[in-house]
Structure formats: C-alpha cells, structure tokens
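Take a look at the structure below.
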Amino acid sequence: MRFLGINAIFHDPAAALVVDGEVVAAAEEERFSRRKHGKRPVPFSAWELPEQAAGWCLRQAGLRPEDLDAVAYSYDPDLVRPGQEGLDGGWEELRTTYARRAPAFLATALPGLDPAQVSYVPHHVAHAASAGLASPYRDCAVLVCDGRGEAVSHLAGHYRDGELTVLAAQALPHSLGLMYEEVTEHLGFLRSCDEYKVMALASYGTPRHLAALRELIVTTGDGGFRVEPIDWGGYAKALAAGEPWSADHADLAASVQARLEEVLLELATWLHGRTGDRYLTLAGGVALNCVANTRLLAQSPFEEVWVQPAAGDSGTALGGALHLARAHGEVTVPMPGADLGRGWSEQELAAWLDVARVPHTRPRDLAAAVAAELAADRIVAWFQGRAEYGPRALGRRSLLAHPGYARNTERLNDVKGREQFRPIAPMVLASRAGEIFSRGPACSPYMLFVHDVEPSWRERIPAVVHVDGTARVQTVSERQEPLLARMLGEFEARTGLPVVVNTSLNTAGRPMVDDPRDALECFGSSPVDVLALGPFLVRRGEVFAS
C-alpha cells in the first residue's frame, strides 16, 4: 500500500512517502522553494502546502496521486479547543478553517487525488510515529516536546508491536517549546527558527538564574509540567536583531538551557517508571536540542536514546504516513537513514556542469583528491548522493574543512555569513570516535548529541571544539557511507587527524543546498575553494582564472 504524509500547518512543510511499510522518499519544501523553513508559522500561512516536495516524492516512486491509498495530514482540527490559552488569539480560527479545507487544497495541488483519501493524524501522534515507528526498536518509550499541536505541547507514551499508547499529554498554554521560543526572541533571534542559537549561546554563560527558573518551570508528577509567565527582561534586556549580546544574555541562555534539561530528565524518568522500557525515542522540535539529548542519555534510566533526525515539524509528514500504514495493517520497517531526498546521476551532474560552462575534472580517486584539498587547508563544498531529510548536514550536502586550525571556525562562519559564536562540527569514523570523544553515544550518525573532546585531542582539532570542551559529533559508518569513510581515511593518512570539519552547505538565512544549481550558485557566491559535485571537482582558481 502507498501512503503520502503531509506537514503544512505550522512551519517546515514537508512530504514523505511510505510504500509497503518502507520509507522511500521524504523532503522539505524549503529545498525546492529556497525559502528557509518553507514559510513562517503564522495562521494565515496554514493554507500553503508542500506541493513541490509531494510531487517529487510521487515521481520518485513512479506514482500518480490517484495511486495513493491514503494521505496523512499531520494536524487534526477537531482537537482544537476554541478560546484555549496558548493559541494564536483571534487568528486561530483561520488556521483551523484552513486545516478543515486541507483535503480540497491537496486535491487541487495533486490533480487526481480524491479528497476523501485525506486523513487527519493528530500532530503529536505524527511526531510520536516519526520516532517510535521509524526507530530501530520494536518496543520503546516515546517522548514528544515542541511548541504546540492542536491543544497540547507534549506527549509521553510507548509503542508495543507498532501500537501507540499515550500515557500523558500537557495541555496548553504550558509549553517547553514556546518557552524556549520566547527566550529566543528576547535574545534577538527569530523565534520558531533560531532556537539552536540559544543552545549555542548557553555554552558561553553560567546558569545563575537556575534557582529562579525552577520556581517557574516545574513538573507536576503525573507526566506533565507547568510553565508560568516569565519576565525575561528581569534577567537581561531584550536584544534587537543583530545587536551584540553580553554576559547577561549568555547567562540567561545558560539558565534556560539548564532548566530545560532538568525538566526533560524528570519527564523521562517518570515515563521510564510507567513503561520500564530500555529504549527512549524522541521527536518534536525540542528533540533537536542535542545538549539536552545527551543529558537524557547520560542520566535517564533508559539504556539508549534514539532521536528522529527530522525531529521538527517536517518529521510529522513521515510520522503521519507511517501511522496510517500501521492503521491499515501494514508492517512498517525502520527508516533506512536520513538520505531520503533528491539525488542525481553522474550524467545529470555532468550536464549541469556543461550547461554552466564550468571547468571541472574527474579525478581517478575522488576521496583521495578531496582529502588532499582539505589537507592543504582548502574549504570543500561536498555534494554527494541523495539529500538529507531534516536540518543536519550529514555528508550529503556539507561544507568540509581542516579541523587542526582554530581559525577555521571563524573562516567558515564568515563563509556562511553567520554569528561567530556558532560552532562547527566534527565528522569521524565510528570505529575511531571512542579515542577522541567521550560521553554521548558510540554511534551518532545524525549529529543529535554532544560529546566531550578528550583533553589530549583538544589542541589537535581546535576548530571543532566548543568553548566548553564539547563537540557535536557525526559518526560515519564504513558500511553505510563508504565514500565518506575513505575520504576520512585519506585525510588521516595526510594529516594524522581522523576528523574533518562538517557544517551545512548553505549561507545564513538560506536553506541547505539541494540540487546542482543550488550548489553551483553557493560555490560561485561564497569563498569556497573546491566543489565536489558527485565524481567531479570544480576549483575556484580554475573557474575564476583571469
């Protein structure tokens, strides 16, 4: 059977396709429209659909809209409680109206689709399915935390043989995600977009307001929590966009981050007490907080923690499709990886280069050629295989650099045009990670945890070490990523370092590069030295030779 999942109601519109229980395609609309996060999360944008992503998913499988057995829409307007606190005031009715019209909108966007094929999947159930059903575990606990769904901001439950049991849900207006969005905005960043910047800023501060926040953000002993109104200005003055931050702002970020971690740990401990599960799976935007994830792994009673790589709202497209597949009696299988987006053949890539009239070469050994460029301290744009689903660059659409020079942190942030406190991440073979990085999971292919960098390595790879001595690590499997693994081996042979810098292939405010045109435009407009486009190398010195 064939199930299409659609996320459209808030932000990060996306589509995903599940065929006979297997995930075959998933992509975010921003990669096609080139609009960061697809749209802003306001009620009057709720009508916008991931038309291009959905169309591509169908084409990828050779399907037409009329071939679908059902379409999952990851929001149920019948669950909205008019007038409830935490909603968007007088605008919420508009969002609900658009959600009710979604079947007709989808039938227009996908000609041939029967509107009756569209089913509403509750927002947090879709999040839960994106974790529990996509994870490697048949039986597991699941914890969802985000800004909001229809009427709640959190779900705690467990899966048994693919069936979800909900054990707790927190009604609005109490929301950990909305609380974190508020402080994001207070610190001069864009809410529902830049929350990861608060997490990064926190590493520069001291949680000196933690005691006060413990009085305002509390768990309730029944799997839920309360978040009282918080006067953020009492801790640090509000910042305008681009205004420089001070120690007060870093301390506020550190305090909020620390309390978030504590509350999540309390929620996870309660959930373990109810389920006794060995495995915890996470989804919802809060699950993109890799520092909190690491604390859950280290201190919760669960043996293992698995996080959906598209943990934000885009992942509800995948979760909705998986949920419907289970509801129709299908046996679903774990997602194969995050490389679920668009890809191009060598012939197609060569055609793009020819049309662009860009001089290029095809080295006999791409891995060795790229390693040599990195060893010479050149920045490489790496475009290989199918694009990642979710916000992390995982070696498909990445910027790579030498980790041994501290200046490369500033250099890459300049290339991307972003704040200098933003960290960059290490990529390392899974078989070597334990020598260099402690804490965190031994295998971290989705870059959703932080690790401590061993003291003996901190001066050897300074570009990837955060100010607090940690790093957000991506481990590379030789079996699953043979080209990346060989490149890492070749780089170590030249430098003695088994680590390469990895950050997303984009510039500030723009979505990650997705297709070859995006890659060529990014290469041409930013000071990147080399573009590895499939098997081809494009060198800046040759392109711009006088």
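The values are calculated or read from the model by the stated rules, or taken from the named source; none is laboratory data. Quantities reported herein were computed from a predicted structural model and do not represent experimental measurements. Quick reminder, even Gly has a Cβ in these numbers, built from the backbone with ideal geometry, and neighbours come from all protein chains shown. Just the protein is used for accessible areas: all its heavy atoms, side chains included, with ligands, DNA and RNA removed. Shrake-Rupley method; radii C 1.70, N 1.55, O 1.52, S 1.80 Å.
Go through region 213-247 and give me each residue that's in a helix (DSSP H, G or I) and either at pLDDT below 95 or surrounded by 14 or more Cβ atoms within 10 Å (Cβ to Cβ) (or both).
Leu213, Arg214, Leu216, Trp232
Name the residue that is farthest from Asp69 (Cα to Cα), counting only residues in region 85-112 that are surrounded by 15 or more Cβ atoms within 10 Å (Cβ to Cβ) and either among the polar types (S, T, N, Q) or in contact with a His (Cβ under 9 Å, 6 or more places away or on another chain) (or both).
My answer is Gly86.
Taking interchain pairs and intrachain pairs at least six residues apart, which have beta carbon atoms under 7 angstrom, with the first residue in region 401-419 and within 23 Å of Ala250 (Cα to Cα) and surrounded by fewer than 19 Cβ atoms within 10 Å (Cβ to Cβ) and the second small (Gly, Ala, Ser) and at pLDDT below 95?
Cβ pairs passing all conditions: Gly417/Ala508; Arg418/Ala508.
In region 459-475, what residues are open to solvent by 10 Å² or more (accessible area, probe 1.4 Å), in a loop (DSSP other than H, G, I, E, B) and either modelled with pLDDT of 95 or more or touching a His at 6+ places or on another chain (Cβ under 6 Å) (or both)?
Glu459, Arg460, Val465
All but one of (1) in contact with an Asp or Glu (Cβ under 9 Å, 6 or more places away or on another chain); (2) under 22 Å from Arg397 (Cβ atoms) hold for Ala26; which doesn't?
(1)
Charged (D, E, K, R) and either closer than 30 Å to Gly242 by Cβ or assigned to a loop (DSSP other than H, G, I, E, B) (or both), is that true of Glu478?
For Glu478, the condition - charged (D, E, K, R) and either closer than 30 Å to Gly242 by Cβ or assigned to a loop (DSSP other than H, G, I, E, B) (or both) - is met.
Scan Val80, Val24, Val18 and give me the residue that is hydrophobic (A, V, I, L, M, F, W, C) and open to solvent by less than 10 Å² (accessible area, probe 1.4 Å).
Of the residues listed, the single one that is hydrophobic (A, V, I, L, M, F, W, C) and open to solvent by less than 10 Å² (accessible area, probe 1.4 Å) is Val18.
All but one of (1) of a type outside the set (Ser, Thr, Tyr); (2) under 25 Å from the mean Cα position of the chain (by Cα); (3) open to solvent by less than 30 Å² (accessible area, probe 1.4 Å) hold for Glu48; state the number of the condition that does not hold.
(3) is the only condition that Glu48 fails.
Quick check on region 248-275: of everything there that is open to solvent by 20 Å² or more (accessible area, probe 1.4 Å) and among the hydrophobic types (A, V, I, L, M, F, W, C), which residue is farthest from Ala141 (Cα to Cα)?
Only one residue tops the list, namely Leu265.
Checking Glu92 against (1) part of a loop (DSSP other than H, G, I, E, B); (2) in contact with a helix residue (DSSP H, G or I) (Cβ under 7 Å, 6 or more places away or on another chain): exactly one of these is not met. Which one?
Of everything listed in (1) part of a loop (DSSP other than H, G, I, E, B); (2) in contact with a helix residue (DSSP H, G or I) (Cβ under 7 Å, 6 or more places away or on another chain), Glu92 misses just condition (1).
Among the residues of region 377-400, which ones are on the phi > 0 side of the Ramachandran plot and open to solvent by 10 Å² or more (accessible area, probe 1.4 Å)?
Asp377, Gly385
Suppose the filter is in contact (Cβ under 8 Å) with a residue 60 or more places away in the chain, part of a loop (DSSP other than H, G, I, E, B), open to solvent by less than 20 Å² (accessible area, probe 1.4 Å) and within 30 Å of Ala258 (Cα to Cα); does Gly149 pass it?
Yes; evaluated as a whole, the condition is true for this residue.
Suppose we filter region 424-453 for residues that are in a loop (DSSP other than H, G, I, E, B), more than 15 Å from the chain's Cα centre (by Cα) and polar (S, T, N, Q); how many remain?
Number satisfying all stated conditions: 1.
List, please: which pairs have Cβ atoms under 8 Å, are six or more places apart or on different chains, and start with a residue in region 421-448 that is over 23 Å from Tyr196 (Cβ atoms) and open to solvent by less than 10 Å² (accessible area, probe 1.4 Å) and end with one that is outside any loop (DSSP other than H, G, I, E, B) and of a type in the set (Phe, Trp, Tyr)?
From residues that are over 23 Å from Tyr196 (Cβ atoms) and open to solvent by less than 10 Å² (accessible area, probe 1.4 Å), the pairs are Ile436/Trp457.
Which of the residues belonging to region 511-530 are open to solvent by 20 Å² or more (accessible area, probe 1.4 Å), assigned to a loop (DSSP other than H, G, I, E, B) and at pLDDT below 95?
Pro527
How about region 120-167: which of its residues are more than 19 Å from the chain's Cα centre (by Cα) and basic (Lys, Arg)?
Passing the criteria: Arg138, Arg160.
In region 348-367, is there at least one residue being more than 21 Å from Val499 (Cα to Cα), of a type outside the set (D, E, K, R) and under 27 Å from the mean Cα position of the chain (by Cα)?
Checking region 348-367: at least one residue is more than 21 Å from Val499 (Cα to Cα), of a type outside the set (D, E, K, R) and under 27 Å from the mean Cα position of the chain (by Cα).
Got a number for residues in region 119-146 being among the β-branched types (Val, Ile, Thr), open to solvent by 10 Å² or more (accessible area, probe 1.4 Å) and over 22 Å from Ala70 (Cβ atoms)?
Looking only at that region, the number is 0.
In region 179-194, what residues are open to solvent by less than 40 Å² (accessible area, probe 1.4 Å) and not polar (S, T, N, Q)?
Met179, Tyr180, Glu181, Val183, His186, Leu187, Gly188, Phe189, Cys193, Asp194
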